[in-house]
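Notes follow the structure.
The values are calculated or read from the model by the stated rules, or taken from the named source; none is laboratory data. Keep in mind the model is a prediction, meaning the values are calculated, not measured. Neighbour counts are summed over all protein chains in view; Cβ atoms, including those assigned to glycine, are modelled from backbone coordinates with ideal geometry. Accessible surface areas use protein heavy atoms only, side chains included; no ligands, DNA or RNA. Shrake-Rupley method; radii C 1.70, N 1.55, O 1.52, S 1.80 Å.
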Amino acid sequence: MWRKSRQKEGNNCCHKRGRRVRSKRRLLWIFLLLLVILFISIEPTPEFSEEEQVVAEENPRCFQDHSATVADWEYHPNKPKQIVRDPEVHLDPKKCSTITNMPPTMSRQQPSFGSVCDGFDGVLHISQGDAGGASGTIFFQFMVGMLQWADQFNYMPFVHLNNFSAKVYDTQVHGQDPGRSFTMMGGMQIGNALDARDPGRCVFPGRPELKASSGLRPEKFTLNGTGVWQHYFEPISPFDPGGDPSCEALPLVTMTREHIVFGIHSQAPWAPHPWRYLMPEYILQSKIPLQDWLMEQRHHAIRTTRRYIRFTPHMEQLAACAHPRPRNSLGMHIRHADKELSRWSIPVSMFLGFAQAFVSAEDGDIFVATDSGLVLEEILQTWPSEVRERVVYQPGVQGLSRNETAAFDLGVSVHRTNTEALTDLLALSKCTYLLHGLSALSEAVFYLNPGLMERAINLEDFETRYAVDYFVDTILPRGKNVTT
């Protein structure tokens, strides 16, 4: 009996030890599983290299900063005073035969009189856009957003772009100037802010703030190259780097790539967005019709454009040569080559019915702006002759793709593709009516000519799906008394 009892007790001990071991193993596996789940759920915020910036721009994510403060200022302050000068434009049809072969020109800064910075709290140097943006995005979408920030904080803006925005930077043209150096106050930076309506806490450019490491101090700044902007536009302000003592005591700031790629592009509630893509819902407002959503942004972008942006006389002349009879004309912007990010390449056939209706009802030209040689071939070879004979387009364009390659990636001079795209933009803005899709360049047309908003049809607005009858009965009568 005693031996059996000891044997039974030994078996019980073995069973208990086995259960304890299995229990510990189960706890260990559960602990490891929890670690894996925790590791997966924590997404680090990476630091992007220049090469990775393009990927980040095509796949925007919510950029966060735990030190950001809630925005408590007016996004669209009333700034009625026009800050840019209006250039004198004398259009001459005789220049059209040779103007496209002219060497690159630049607008020049007017001499200052020692007080241009009086009344301002600082100077914003607009130095770059993103890495992948082209003319409509860099020169209008991002430019307007950064200019709006300058108005919010009473900073005088000036534009001198570096080579980071490679799609609009031509080394052979924009990189040939020796540059210049000047002294202003350093030690200030642009902080990050968030909107109280955003539960995701996505940040955007906030208040100017002192850098933690130092206070304001005189600092030497250097500008390389021509700065790009003044090859196509007038200076946006009278600021002349190093040319006015009233500016030397003010802080100079510029936006980081994060401010632009994430903030201005997707997360800034005041910046214009030419279509809906990845952005916080309080900006996206997905339940609001697309046209209403765009209208609100256009209203503010138009004010900013009027305050700051003017084309050079040379660009005005190019547009007049490309579209010499803009009165009572129909503009068509047909972008095909590299249309991505929640957009659709509209078939050329969708434009035909509207073009035929226009030809039947009106006597004006049809100006076609496109980045695709195939689009022009289809129009000129397959559309009815009575429509083809009304079609005009920018002559001698080199930046025409025959596939999905963007115009700026064709190996053509970037300065040339900038000029061609901006000439199309300016010519479209002179039209009486407009057919278009989702594009930063199309949106910029409305910033230049707000009256076109009521005489335009967005063929990518699938919520509305405009018919040709609507174009004939509603849109065309609105242009009867329009002179340009």
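Table for the structure above
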item	result
Listed peptides 425-432, 414-421, 450-457, 290-297 by packing density, highest first (mean Cβ within 10 Å)	425-432, 414-421, 450-457, 290-297
Cα gyration tensor category, rounded, prolate or oblate, for the range 131-233 with a/c compared to 1.5	oblate
Carbon and sulfur %, accessible surface of the range 156-238 computed with the full protein complex present, 1.4 Å	47
Local net charge near residue 458, Cβ-Cβ under 11 Å (Lys/Arg +1, Asp/Glu -1)	-3
30 Å Cα-Cα threshold exceeded, pairs from 95/430; 167/220; 79/430; 167/480; 167/287	167/480; 167/287
Ranked packing of 163-173, 386-396, 86-96, most packed first, by mean Cβ within 10 Å	163-173, 386-396, 86-96
Charge dipole (the range 129-223, unit charges on Cβ, about Cα centre) - positive-most of 157, 168, 136	157
Per residue, in Å², the accessible surface of the range 242-368 once ligands and nucleic acids are set aside, probe 1.4 Å	36
